[in-house]
1. So is residue 40 touching a strand residue (DSSP E or B) at 6+ places or on another chain (Cβ under 9 Å), part of a loop (DSSP other than H, G, I, E, B) and either surrounded by fewer than 23 Cβ atoms within 10 Å (Cβ to Cβ) or in contact (Cβ under 8 Å) with a residue 24 or more places away in the chain (or both) or not?
2. Condition check: assigned to a helix (DSSP H, G or I), more than 30 Å from residue 385 (Cβ to Cβ), assigned by TED's automatic domain parsing to the domain that holds residue 179 and within 18 Å of the chain's Cα centre (by Cα). Does residue 222 satisfy that?
3. Applying the selection to the range 217-237, what residues are out of contact with any strand residue (DSSP E or B) (no Cβ under 8 Å at 6 or more places or on another chain) and either surrounded by 22 or more Cβ atoms within 10 Å (Cβ to Cβ) or within 18 Å of residue 282 (Cβ to Cβ) (or both)?
4. Name the one entry in 56, 19 that is assigned to a loop (DSSP other than H, G, I, E, B) and either exposed (fewer than 15 other Cβ atoms within 10 Å of the Cβ) or in contact with a strand residue (DSSP E or B) (Cβ under 8 Å, 6 or more places away or on another chain) (or both).
5. Against the conditions (1) surrounded by fewer than 23 Cβ atoms within 10 Å (Cβ to Cβ); (2) under 28 Å from the mean Cα position of the chain (by Cα); (3) more than 23 Å from residue 393 (Cα to Cα), where does residue 348 fall short? Just the number, please.
6. Might you let me know whether the range 149-171 holds any residue that is more than 22 Å from residue 317 (Cα to Cα), touching a helix residue (DSSP H, G or I) at 6+ places or on another chain (Cβ under 8 Å) and part of a strand (DSSP E or B)?
């Protein structure tokens, strides 16, 4: 085992769990055991919440200009430790080194946005009548929780943590039990940056800890990123406990490919979208809607897909169970009449035979009712659904219950606009296969890809992480009285 047993983090220190129930943390790259992670107890969750609640008394009252200084230092520590963090993300998640570095770079950008919060939440003041003044102020919610997934061990934690903490909240974070190491290192960097004890806390665990967070009386807000099935449960349980909640679920992102699309640009973008991060991202291309005759573009996609090589420029999927599940989807589609143009099943990397790899897979002649067309596969697989018209393609996209992202490849501004207006998704790309908004624009889908108000990042997140107080004042009685005063 390369690392010691994973610890929890609260009261400003790393704490051994008393639980006897541990899970193995295995590197998808080669199958080697990295660490063990405890399934923590309810008492340990309570201790972490108590730590956060105590810290909130002083942290929430500190001026935001003081709070943000910690994150200027944290941002610099992320940059200083970029190589170490890149290696850790790659090791525990299976990403390529370039993908892991991009995740650290994105975490830096997210922190930079948080550092701009003093300018974004400056109070509004207006004289609404003679001698009468109204003002608004943002106040922290209190103790909040963030439940984060395996596919971005560092970036998704930094979707929530910097914004929530700069805005005066204290946080309980539950990492994925599959990838707990990056969040633990993040805690140490925050401590090194001068974050007061108890402001940020980590509790490891599984279903019981998630349910405990959702029902805990001292936690005021919960954010979640994961599958739609669990997102619904988290949202229902949290709101049933009268908490505010934003829960991001899964996706089935559709790419509209029109006959006038630029072949080279489309092929490279489609391939990168479906295979980047081994397809384990909620913005990955999963279904391609081939409108009319786009056979030359499909041929080029196959050429590009064959350039993506497991262990070289394609990372591993998270586990053996994930590899089996993804390959079963491909086999089922083949049995049901789809044609496998590029087959990624059975991928093995020399010297890393125990790694869990699936090669890029292109499946043609998929019908809208097949499981590969309707369900989230979460692997480097693209399913091609052929349609005669754009409206037929839009109907297929609209009928899908998810709504994270959609993209259109065309050289026609009018057709692009038509898709932008009619696709049922919260994030749209035009000739871009992964239309992730950059800060200050916020990340969030529609339909069964998101539950709750606001988005999880960017300006929209401010409303989720704060309470708005409105104050009306009048000091000079000589100003007179009217209906407003």
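The values are calculated or read from the model by the stated rules, or taken from the named source; none is laboratory data. Quick caveat, the model's predicted, so the values are computed rather than measured. Note that we place each Cβ from the backbone using ideal geometry, even for glycine, and neighbour counts take in every protein chain shown.
1. Working: touching a strand residue (DSSP E or B) at 6+ places or on another chain (Cβ under 9 Å): yes; part of a loop (DSSP other than H, G, I, E, B): yes; either surrounded by fewer than 23 Cβ atoms within 10 Å (Cβ to Cβ) or in contact (Cβ under 8 Å) with a residue 24 or more places away in the chain (or both): yes.
For residue 40, the condition - touching a strand residue (DSSP E or B) at 6+ places or on another chain (Cβ under 9 Å), part of a loop (DSSP other than H, G, I, E, B) and either surrounded by fewer than 23 Cβ atoms within 10 Å (Cβ to Cβ) or in contact (Cβ under 8 Å) with a residue 24 or more places away in the chain (or both) - is met.
2. no
3. First, pick out the residues of the range 217-237 that are out of contact with any strand residue (DSSP E or B) (no Cβ under 8 Å at 6 or more places or on another chain): 217, 227-229, 233, 236-237.
227, 228, 229, 233, listed by residue number.
4. Working: 56 fails: assigned to a loop (DSSP other than H, G, I, E, B).
Every option except 19 fails the conditions.
5. Residue 348 satisfies every listed condition except (2).
6. Within the range 149-171, one or more residues are more than 22 Å from residue 317 (Cα to Cα), touching a helix residue (DSSP H, G or I) at 6+ places or on another chain (Cβ under 8 Å) and part of a strand (DSSP E or B).
Here is a yes/no grid of residues against (1) assigned by TED's automatic domain parsing to the domain that holds residue 83; (2) within 30 Å of residue 476 (Cβ to Cβ); (3) touching a strand residue (DSSP E or B) at 6+ places or on another chain (Cβ under 7 Å):
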{"residue": "108", "(1), (2), (3)": "yes, no, no"}
{"residue": "136", "(1), (2), (3)": "yes, yes, yes"}
{"residue": "150", "(1), (2), (3)": "yes, no, no"}
{"residue": "157", "(1), (2), (3)": "yes, no, yes"}
{"residue": "160", "(1), (2), (3)": "yes, no, yes"}
{"residue": "167", "(1), (2), (3)": "yes, no, yes"}
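Residue by residue, here is whether (1) under 25 Å from residue 272 (Cβ atoms); (2) touching a residue at least 12 places away in the same chain (Cβ under 8 Å); (3) buried (at least 16 other Cβ atoms within 10 Å of the Cβ) holds:
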{"position": "402", "(1), (2), (3)": "yes, yes, yes"}
{"position": "425", "(1), (2), (3)": "yes, yes, yes"}
{"position": "451", "(1), (2), (3)": "no, yes, yes"}
{"position": "466", "(1), (2), (3)": "no, yes, yes"}
{"position": "471", "(1), (2), (3)": "no, yes, no"}
{"position": "474", "(1), (2), (3)": "no, yes, no"}
